[in-house]
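I have placed the structure first, in the form of structure tokens, so that the comments after it can refer back to it.
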Amino acid sequence: MGSAQSLNWEECNSQNCWLQSEATQLPQTGVCQQGRIPPFSITINTPQDAVRAVQFATAHKIKMVIKNTGHEYMGRSTGPDSLQIWTHQLKALTYNATFQPENCSAVAPSTAITMGAGVLAEDAYHFATKNNRTITLGAYGSVGVGGGFAMGGGHGPLGPKYGLAVDNLLQFKLVTAAGDFITANACHNKDLFSALRGGGGGSFGVVTEVTYLVHPPSEFQVAQINVQPRIPASLLTVTGLPTAGLLTADAVITDFLTRLASYSVGWADKGWAGYLFITAGNASFVTFRSQQSLPSLQALVDDVMTPGAVNTPVGFGETLAGRLIPRTAMATASDRATLAETIIKVKNLNTPTLSAQNVQSKTKPIALQIYSTGPPGNSTGEGTLVNTNWRGSIWEVVVAQGWVEDFPQAIKNEYAQTTNSAMDPLRALTGPGGGSFFGTNYAQLLAIKQVWDPLNVFNVWKGVGWTGASDPSYRCYANN
């Protein structure tokens, strides 16, 4: 109930309960402490449960955190001395071939799935397939799809064809800061409906239900390319070998990235999505495209999504940084070469220097990741308030550091600082806006927040209207 995807979002400075689930060979020692796990939690089974929870918390001035699965890279679903609003049991799923938002005749009927806030991606994928439909969600089956994923933007393998999750959301039902249970759609509470599509999870209310537009059944064409540059051991033993003429692994992968960038814009415009993972000497790229009117998405669900539910990365600490890469960064051959070189530079900079510390066995290597899962190039995002930089982006580049055991604070600090500064070359290349979560929409989001939550009841780390790092409720973030 209280656990998080990343263990650093369970700890509060020196208080933690590291169980090393990613490194079971390590001994389990120490005393489990509460950390930032909320000491109290309310299980939400009905919207009225959420109404009573919000009314109770506001009446007693208790900080709330909202959680479904805990897949939250900013740790917003945990918090010390808080009351957890746990939506995980809201599992209802309903298919409607002629859905129309409530009291909203201006919007034409469409095929849709309405789901509770506790539904997981794997459940939604299977339910859509059962009803001969396709739904736009993410890559991991165990991630909830009615909370932060949906409200933060929501990119995934169908993004280049059908858009982000926010582009497919037709209606929300939620409990506001005033304790009212309301509906937000294109006709009612329109400002809040826009804010919920891009303003991030946990800032505007307790969402209990969402409705997604769904699409014709699809099957995927899939291609995978593995780049594993190797110098044969036999060559390394040859005396006098002109090793200066051999390409390094980085040079080979840089060339591959340059070539990939030359195709990526055209692929995205034709609905192709892709995932690329780069490690010390390898690159693995998977690309796929939805084929409308083919029999079923079930093959992809069985082969990719369901294993994802088992293998969703959990049980370790993690710090990460990301950047959206616009089309303009791939306009010319020179641009593409510069972009590729810069990405490899970012990968190499993301290496902590505390080699003297005996931490190698406790470190979890995490590949540099490139996602080509954004919306179509002609997508305007009208009515949403997600970061507008998504509309012109082709790639999202992410770097991270991971660890499987509690480290001294100096090491965790260095990991965070290294990962953040490693992204500087891409920040310089792409210019302002590619890294800010809300982009130019923040002022509008804040104005809507002040209307619906004037007392800032829903206050999350670096969310819309947050009270800043000096707020005592954020004391656990001091070194994360």
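The values are calculated or read from the model by the stated rules, or taken from the named source; none is laboratory data. Being a predicted model, the structure only gives us computed values, none of them experimental. Glycine gets a Cβ as well: all are built from the backbone with ideal geometry, and neighbour counts include every protein chain shown. Note: areas computed on protein heavy atoms with side chains; ligands, DNA, RNA excluded. Shrake-Rupley method; radii C 1.70, N 1.55, O 1.52, S 1.80 Å.
Label separation (N282 vs D81): 4.7 nm, computed from points 7 Å beyond Cα along the C-beta direction.
One chain, two ends: A447 and S334. Fully extended at 0.36 nm per residue, the span grows by 36.5 nm beyond their Cα-Cα distance. Given in Å, the Rg to one decimal and the Dmax to the nearest whole number for the Cα atoms of the stretch 53-209 are 15.4, 47.
Relative contact order for the chain using alpha-carbon pairs under 8 Å, separation at least 6, rounded to a whole percent? Write out the running numbers ahead of the final one.
Working: 1031 pairs, mean separation 87.4, N = 480.
Computed value for the chain: 18 percent relative contact order.
Averaged per residue, the chain has 43 square angstrom of accessible surface, using a 1.4 angstrom probe with ligands and nucleic acids left out. With a cut-off of 8 Å between alpha carbons and a minimum separation of six or more residues, what is the relative contact order of the stretch 336-425 in percent? Result for the stretch 336-425 is 42 percent.
In what sequence, largest accessible area first, do R259, R36, R475 appear using a 1.4 Å probe?
In descending accessible area the options line up as R259, R475, R36.
With the convex hull of the Cα atoms taken as the outline of the stretch 90-159, the averaged projected area works out to 5.0 nm². Annotation: the stretch 27-114 has a Kirkwood hydrodynamic radius of 15.9 angstrom, from the mean reciprocal C-alpha pair distance.
When the residues T78, T43 are ordered by accessible surface, computed with a 1.4 Å probe over the protein chains alone, the sequence from largest down reads T43, T78.
Inverting the pair-averaged 1/r between distinct Cα atoms of the stretch 188-227 gives 14.1 Å as its Kirkwood hydrodynamic radius.
Taking Cα atoms of the chain, Rg/Rh with Kirkwood Rh, to two decimals? Intermediate results must be reported in sequence, preceding the final value.
Details: Rg = 22.8 Å, Rh = 23.5 Å.
Answer for the chain: 0.97.
Note on C32: accessible area approximately 80 square angstrom, rounded to 10, probe 1.4 Å, nucleic acids and ligands left out. F40 contributes about 140 Å² of solvent-accessible surface, heavy atoms of the protein only, 1.4 Å probe. Rounded to the nearest 0.05, what FRET efficiency is calculated for Q221 and T58 with R0 set to 45 Å and r the Cβ-Cβ distance? Between Q221 and T58 the formula returns 0.30.
Based on alpha-carbon atoms, the Kirkwood radius and the radius of gyration of the stretch 366-416 give Rg/Rh equal to 1.21. Per-peptide packing, taken as the mean over residues of other Cβ atoms within 10 Å, places 404-414, 150-160, 217-227 in the sequence 150-160, 404-414, 217-227 from highest down. Which pairs break 26 Å Cα to Cα here: K130/K161; K345/K412; K61/K449; K91/K362; K63/K449; K63/K173? Too far apart for the 26 Å limit: K91/K362. Between the stretch 266-286 and the stretch 1-75, the alpha-carbon centres lie 34 Å apart. Hey, what number do you get for the chain at 222 nm if only DSSP H runs of n ≥ 4 count, each worth -39500 (n - 2.57), divided across all residues, to the nearest 500? That comes out to -7500 deg cm²/dmol. Round to a whole number: what % of the accessible area of the chain belongs to carbon and sulfur, probe 1.4 Å? Here it works out to 55 percent.
The relative contact order of the stretch 373-480, computed from alpha carbon pairs under 8 Å that lie at least 6 residues apart in sequence, is 25 percent.
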